[in-house]
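The values are calculated or read from the model by the stated rules, or taken from the named source; none is laboratory data. Quick caveat: nothing in here was measured; it's all calculated off a predicted structure. Backbone-built Cβ (ideal geometry, glycine too); neighbour counts: all protein chains shown.
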Amino acid sequence: MWRLSLLDGIRIGLLVLGLVFVATGLLPWEAAAESLDEIWPLLIFLVAVIVLAELTKEAQVFDAIAARMAVLGRGNYAALFLLCTAFASFVTIFLNLDTTAVLLTPVMLALAPKARIAPLPLAMTTIWLANTASLLLPVSNLTNLLAMDKLGLDAQEFAARMWAPQIAAVLVTMAFLWVFYWRRGERGDLRYSPPAPEPVGDRALFAAASAGCLLFIVLLLLKAHVAVAAGAAAALVLAAFLLRARQRVSWRLFPWQLVVFVTGLFLVVPTLSRHGLADLMTWMIGAEGDPYRTAAVGAGLSNAINNLPAYKAVEEVIPAADQERLLSLLAGTNVGPVVTPWASLATLLWFESCRRHDVRVPMGRFLLTGAGLAVAGLAATVWALGLGL
């Protein structure tokens, strides 16, 4: 029987609160309509990319890649580490951080017993890179998509500004992963056992899902709108499943939780900004235009309340012309939410996946290593951002 989780209740409560604000006039109808008009293309993208990712997983594309990585590593942990970080970064950059947290995490955790690998290093790789590798493209993180109109950049211009910060963030993350989770003293074993390749259940679905992912990437490179690119790719893969495995297509593919959360967010945050929140955010980031302070505020608020409301709250008070601080805020809300379990939606979903797979995450270690990564990662990322401005 399907039941609402606590997290689902919070999402619905946020939407209900937003509707109450509109009904009582705390948020005028015109302002509410303007806010919702801003997000409908993002909602189309979110629905399409989640459907694409879910069906790609069902077609065993992720499983095949993960198993192939383990075979290519040939029992060498350093090689496997490089392959895993590259794979997690690639999925985050092109298919969104929630895809990495929700779909890649179970794949990696399922790989662990087959190759006799400790699961925690694999799990930490997915969640840290789900956050810190989400700077390069607009589609990598919802916060990036929220920023695009105000920044006035297209996808290629955005990537041109963020490639250096993205490399810095990933390199710092890799260093923390190796020192605190992957080196022999932490993982235990000297080598691992490469698993035997498993056959693909339906090669036609596998090919269609692979083609859909490639189509999505190509359309992004051709500067298609993210909603159009994700919609076309998802339609291709969905059509293949309807033809060959209709029973595996259900309404459960529709990510209503994200739609409800984002809609509620875009009603609640503008209301609070009209009633004192904007003044508080202006005071917190200061009038000096310091990008490091802005990034730190974004990271701190993300770990306190979640990165999406943190981004929207601070973005409201930064002028569109101040691209340096807007991009620094993105660094804070993308790279910084690695300390608390609720800092990003991806992290909440990741903890649930770990629980289902009986993977114990030592909370003290998670908090301390995450805090170190947030400080070092933000410092390196904002420094790299300054080099390109």
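With respect to the stated conditions, LEU387 is assigned to a helix (DSSP H, G or I), at pLDDT below 85 and more than 30 Å from PRO106 (Cα to Cα). So which residues in the range 310-325 are among the small types (Gly, Ala, Ser), surrounded by 18 or more Cβ atoms within 10 Å (Cβ to Cβ) and under 18 Å from LEU385 (Cα atoms), if there are any at all? Across the range 310-325, there are no qualifying residues.
Of everything in the range 326-369, what is buried (at least 24 other Cβ atoms within 10 Å of the Cβ) and part of a helix (DSSP H, G or I)? Give them in sequence order. Working first, answer last.
The first filter runs over the range 326-369 and keeps only residues buried (at least 24 other Cβ atoms within 10 Å of the Cβ), leaving 327-338, 343-344, 346-347, 350.
Once the filter is applied, which keeps residues that are buried (at least 24 other Cβ atoms within 10 Å of the Cβ) and part of a helix (DSSP H, G or I), the range 326-369 yields LEU327, SER328, LEU329, LEU330, ALA331, GLY332, THR333, ASN334, VAL335, ALA346, THR347, TRP350.
Assessment of the range 371-386 against the conditions (over 16 Å from LEU135 (Cα atoms), among the small types (Gly, Ala, Ser) and without any contact (Cβ under 8 Å) to a residue 40 or more places away in the chain) yields at least one matching residue.
The rows are residues; the columns are (1) among the hydrophobic types (A, V, I, L, M, F, W, C); (2) in a helix (DSSP H, G or I); (3) surrounded by fewer than 22 Cβ atoms within 10 Å (Cβ to Cβ).
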{"site": "THR263", "(1), (2), (3)": "no, yes, yes"}
{"site": "SER273", "(1), (2), (3)": "no, yes, yes"}
{"site": "LEU277", "(1), (2), (3)": "yes, yes, yes"}
{"site": "ALA287", "(1), (2), (3)": "yes, no, yes"}
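Take VAL20 and tell me if it is part of a helix (DSSP H, G or I) and surrounded by fewer than 21 Cβ atoms within 10 Å (Cβ to Cβ). It is true that VAL20 is part of a helix (DSSP H, G or I) and surrounded by fewer than 21 Cβ atoms within 10 Å (Cβ to Cβ).
Per-residue answers, yes or no, for (1) more than 27 Å from GLU198 (Cβ to Cβ); (2) not β-branched (Val, Ile, Thr):
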| site | (1), (2) |
| --- | --- |
| LEU19 | yes, yes |
| ALA33 | yes, yes |
| ARG74 | no, yes |
| ALA86 | no, yes |
| SER89 | no, yes |
| THR92 | no, no |
| LYS114 | no, yes |
| ILE117 | no, no |
| LEU122 | no, yes |
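The listed residues are ALA331, ALA235, ALA224, and the only one of them that is at pLDDT below 90 and either in contact with a strand residue (DSSP E or B) (Cβ under 8 Å, 6 or more places away or on another chain) or more than 27 Å from ILE12 (Cβ to Cβ) (or both) turns out to be ALA224. Within the range 75-103, the set of residues being in contact (Cβ under 8 Å) with a residue 60 or more places away in the chain and crowded, with 24+ Cβ neighbours inside 10 Å comprises LEU80, SER89, LEU95, LEU97, ASP98, THR100, ALA101.
Table: residues versus (1) closer than 26 Å to ALA376 by Cβ; (2) under 18 Å from the mean Cα position of the chain (by Cα); (3) crowded, with 20+ Cβ neighbours inside 10 Å.
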{"position": "LEU136", "(1), (2), (3)": "yes, yes, yes"}
{"position": "ASN141", "(1), (2), (3)": "yes, yes, yes"}
{"position": "GLU157", "(1), (2), (3)": "no, no, no"}
{"position": "PRO165", "(1), (2), (3)": "yes, yes, yes"}
{"position": "ALA175", "(1), (2), (3)": "yes, no, no"}
{"position": "ARG183", "(1), (2), (3)": "yes, no, no"}
{"position": "GLY201", "(1), (2), (3)": "no, no, no"}
{"position": "VAL226", "(1), (2), (3)": "no, yes, yes"}
{"position": "ALA235", "(1), (2), (3)": "no, no, no"}
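Scanning the range 289-316 for residues that are assigned to a loop (DSSP other than H, G, I, E, B) and either in contact with a strand residue (DSSP E or B) (Cβ under 9 Å, 6 or more places away or on another chain) or farther than 19 Å from LEU142 by Cα (or both) yields GLY289, ASP290. Meeting the requirement of 2 or more residues that are among the β-branched types (Val, Ile, Thr), the helices (runs of 4 or more DSSP H) wholly within the range 52-160 are 61-73, 77-95, 105-115, 119-132.
I'm trying to understand the selection: among the residues of the range 55-74, which are in contact (Cβ under 8 Å) with a residue 60 or more places away in the chain and of a type in the set (A, V, I, L, M, F, W, C)?
Within the range 55-74, the subset in contact (Cβ under 8 Å) with a residue 60 or more places away in the chain is 55-56, 58-61, 63-64, 67-68, 70-71, 73-74.
Listed by number, the residues that qualify are LEU55, ALA59, VAL61, ALA64, ALA67, ALA70, VAL71.
Here GLU38 does not qualify as acidic (Asp, Glu) and farther than 26 Å from PHE216 by Cβ. Selection of first residues in the range 118-137 that are over 13 Å from THR99 (Cβ atoms) and of second residues that are outside any loop (DSSP other than H, G, I, E, B) and among the acidic types (Asp, Glu), restricted to Cβ pairs under 9 Å at least 6 apart or on distinct chains, gives the following pairs, ordered by first then second residue: ALA118/GLU186; LEU120/GLU186; PRO121/GLU186.
The residue list ARG68, ARG116 contains one member that is charged (D, E, K, R), out of contact with any Ser or Thr (no Cβ under 9 Å at 6 or more places or on another chain), more than 25 Å from PRO270 (Cβ to Cβ) and surrounded by fewer than 22 Cβ atoms within 10 Å (Cβ to Cβ), which is ARG68. Do we have VAL170 as closer than 20 Å to VAL359 by Cα, under 20 Å from the mean Cα position of the chain (by Cα), among the hydrophobic types (A, V, I, L, M, F, W, C) and not in a loop (DSSP other than H, G, I, E, B) here? So VAL170 fails the test. Scanning the range 131-150 for residues that are farther than 27 Å from GLU34 by Cβ and hydrophobic (A, V, I, L, M, F, W, C) returns ALA133, LEU135, LEU136.
Scan the range 297-309 and give yes if some residue there is among the polar types (S, T, N, Q), at pLDDT below 90 and crowded, with 16+ Cβ neighbours inside 10 Å, otherwise no. Yes, that holds for at least one residue.
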